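Please treat every number below as a calculation from the coordinates, not as lab data. The structure presented is a predicted model; accordingly, all values stated were derived computationally and were not measured. Heads up, the Cβs are rebuilt from the backbone with ideal geometry, glycines too, and the neighbour counts pull from every protein chain shown.
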Amino acid sequence: MRKRNWRITWGQTAADELAAAVDYLAERNRPAARNLLNALDEQLGRVRQFPRSGREVPELQREHLREVFVSNYRIIYRVNDARAQLQVLAFIHSARLLPSVMPRNHLYGI
């Protein structure tokens, strides 16, 4: 059985959130910013191999919406089986509440 080549894309909001977090960290502690990016790359590599390895997002309870953690950040992504695509929807600090950060309809793809 051949492995699928899952593609990861970033939504604009998630990309902006990642850039803001890395910029903030880099201003204070450059190695910490680099470590965050390395850990993110490693975690997304695992997710690319095993897309459903992330847990269902508890607040949303949708099988196609998953999350993994990197340091103190939640990476929320949508699994699209038909396209073999994973779309990163949110990159948020785990101390923040999801509903206050992102409208539910954005995560559902409505």
- prompt: Between Tyr24, Leu98, Trp10, whose Cα lies farthest towards the positive end of the dipole of the chain when Lys and Arg beta carbons carry +1 and Asp and Glu beta carbons carry -1, centred on the Cα centre?
  reply: Trp10
query: With springs only between Cα atoms under 10 Å, which of Gln61, Gln87, Gln43 fluctuates most in a Gaussian network model of the chain?
result: Gln61
task: Using a 10 angstrom cutoff on alpha carbons, build the Gaussian network for the chain and name the most mobile of Phe91, Phe50, Phe69.
output: Phe50
Relative contact order, percent, the chain [alpha-carbon distance under 8 Å, six or more residues apart]: 29
- request: Would you mind getting me the FRET efficiency between Ser53 and Tyr24? Use the beta-carbon distance for r and R0 = 25 Å, nearest 0.05.
  value: 0.35
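Based on the mean of other beta carbon atoms within 10 Å per residue, what is the order of 74-86, 21-33, most packed first?
Values: 74-86: 17.2, 21-33: 13.0.
Result, highest mean first: 74-86, 21-33.
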- request: Please report, in whole Å, how far the alpha carbons of the chain spread along each principal axis, starting with the longest.
  value: 45, 33, 21
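Where does the charge balance sit around Val70 when Lys and Arg score +1, Asp and Glu -1, over other residues with C-beta under 10 Å from its C-beta? Could the numbers behind the result be given before it?
Values: positive: Arg74; negative: Asp41, Glu42.
It works out to a net charge of -1.
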task: Report the net charge of residues surrounding Ala82, where surrounding means a beta-carbon distance below 15 angstrom and charges are Lys +1, Arg +1, Asp -1, Glu -1.
output: +3
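Assigning unit charges at the beta carbon (Lys, Arg +1; Asp, Glu -1) and nothing else, what dipole magnitude in debye, to the nearest 20, does the chain show about its Cα centre?
Values: 18 positive and 11 negative charges, 99 e Å.
Here the chain has a charge dipole of around 480 debye.
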